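Heads up, the thing below is written out as structure tokens.
Just so it is clear, none of the values below were taken in a lab; they were calculated from the coordinates. Predicted model only: the values in this text are computed from it and were never measured. Glycine gets a Cβ as well: all are built from the backbone with ideal geometry, and neighbour counts include every protein chain shown.
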Amino acid sequence: MSGVIPDHNIQMVDLKGQYTKIKEQIDTAIMDVIDSTAFIKGPEVKAFQEELENYLDVKHVIPCGNGTDALQIALMALGLKPGDEVVTTDFTFAATVEVIGLMNLVPVFVDVDRDTFNIDVNELKKAITPKTKAIIPVHLFGQCANMEAVMEIANDNNLYVVEDTAQAIGADYTFSNGKVQKAGTIGNIGTTSFFPSKNLGCYGDGGALFTNDSELAKRLGAIVNHGMYERYYHDEIGVNSRLDAIQAAILRVKLGHLDEYGLARKRAAKYYNEAFSEVVQLEIPVIDEKTTHVFHQYTLKTKDVNRTELIDFLKGRGIPAMIYYPVPLHRQKAYIRPEFKDENYPITMELCKSVISLPMHTELDNNQLKYITESVKEFFNK
Ligand SMILES: *Cc1c(COP(=O)(O)O)cnc(C)c1O
């Protein structure tokens, strides 16, 4: 490659390219909502809710304002009390633990499995105390946590399970008895985010909760709406967290493309995997055989690589790359406690120092993938 950077317009997530292909459908959907002036609640939200219930094969979907609200509302509905312990992973986006803190619950962090980046179930077992009330497994980067083991541990110890599905909507999990369930529909409650860059993203903020428990569904539906079971009768303190109708209309269009988008992501991941399988400084993603991977992120582990140099090199070629996540949660100022010891989180510590995520979205074409993979290889062959 000469000194000229070819203009591939590569982004971590190409929302514009995706929109351009479905512009007519989206524009019509938005205009129809404006025309109806049913901006809050109304038929679009109801229709999306039902379509998502069908897609996920879950009894109840409760739309809400965003993925962080969804997590908080889940914890509210489970009736957890200040001081109760909630176990989650040390390696995730901060929203997962933020809501635990907001509810005056006690976050307990567990290290992750080095292969899957998801909660290490042996460490999870060790973290349970008489005060533990719930587990929040996160399906990180697009594949499911070890839900069979998580559910077993939860059942043995009478714990609730809230699945953070913000990064894995559409992923399938297969139990050893052959039963297949969608991510987010296995625990007591599943939560997700429709943030624009998520696999099912809207054009603003949005989120949802999933459950097969009709009692819980009723409570979740009331909490998102000021604790109202009956209009203007407030039986408990709730929040105001709504998915608006324009976002629901956009999501209805995009839900129709979700599986095809998943295939596009998988195809890009396969291209990357083939290109990088021989690069000794890189470890390609490992997929647990019990789960499908919807590749919210394509994340490599580097070995003896100066990541800053690699990221700068790629940036110089017009290729973005990101580190998800650079700091373990147990080291974040907001959550730090004297009892958190680095030596209890060796895998998370290692991953924070070694992972790198490459562009991953539905619009990556072979020219872009070739350019990205050749650029990465060139860095190692310098
Ligand atoms: C994005 C994300 C959230 C939060 O979703 P928002 O809609 O941005 O509030 C929570 N958990 C995980 C794992 C996420 O990736």
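Could you work out the longest stretch of the chain that avoids the GluC sites (Glu not before Pro) located in DSSP loops with at most 12 other Cβ atoms within 10 Å?
No qualifying site falls inside 1-277, the longest such stretch.
Rounded to two decimals, what ratio of Rg to Rh does region 258-381 give with C-alpha atoms and a Kirkwood Rh?
1.01
Give the whole-number value, in cubic angstrom per residue, of the convex hull volume spanned by the C-alpha atoms of the chain.
Output value, Cα hull per residue: 141 Å³.
In the Gaussian network model of the chain, springs joining C-alpha atoms below 10 Å, which of 164, 259, 111 carries the largest mean-square fluctuation?
Result for the chain, Cα springs under 10 Å: 259 fluctuates most.
Given an 8 Å cut-off on Cα distances and at least 6 residues of separation, report the relative contact order of the chain as a percent.
Working: 759 pairs, mean separation 82.0, N = 382.
Relative contact order for the chain comes out at 21 percent.
Could you calculate the FRET efficiency of residue 53 with residue 382 from 1/(1 + (r/R0)^6), where r is the beta carbon distance between them and R0 is 51 Å, rounded to 0.05?
Step by step, r from the Cβ atoms, then E = 0.45.
What whole number of Å gives the distance from the Cα centroid of region 272-342 to the Cα centroid of region 230-260?
Each part's Cα centre sits 33 Å from the other's.
In nm, to one decimal, how far is the residue 367 label point from the residue 34 one, both placed 7 Å along Cα→Cβ?
3.3 nm
To make sure I understand the rule: partners must be lysines, Cα under 30 Å from the Cα of residue 21, and not fewer than 8 residues away in the same chain. Which ones qualify?
In chain and number order, the partners are 41, 46, 182, 198, 254, 266, 270, 315, 370.
How long is region 321-382 along each principal axis, judged by its Cα atoms, biggest number first, in Å?
Projected onto the principal axes, the Cα atoms of region 321-382 cover 50, 29, 15 Å.
At 0.36 nm per residue, minus the direct Cα-Cα distance, what do residue 334 and residue 228 gain on full extension? Give it in nm, one decimal, please.
Residue separation times 0.36 nm, minus the Cα-Cα distance, leaves 34.9 nm.
So which lysines pass the test for residue 341, namely a Cα distance under 28 Å, with those fewer than 8 places away in the same chain ruled out?
81, 125, 126, 131, 133, 301, 303, 333, 353
For Cα pairs less than 8 Å apart in space and 6+ apart in sequence, what is the mean separation divided by the residue count of region 258-381, i.e. the relative contact order in percent?
About 35 percent, as a whole number.
Shape call for region 96-224 from the C-alpha gyration tensor, a ≥ b ≥ c root eigenvalues: rounded (a/c under 1.5), prolate (a/b greater than b/c) or oblate?
On the way: a/c = 1.36, a/b = 1.18, b/c = 1.15.
Verdict is rounded for region 96-224.
What length, rounded to one decimal in nm, is gained on full extension from residue 114 through to residue 27, with 0.36 nm per residue of separation minus their alpha-carbon distance?
27.0 nm
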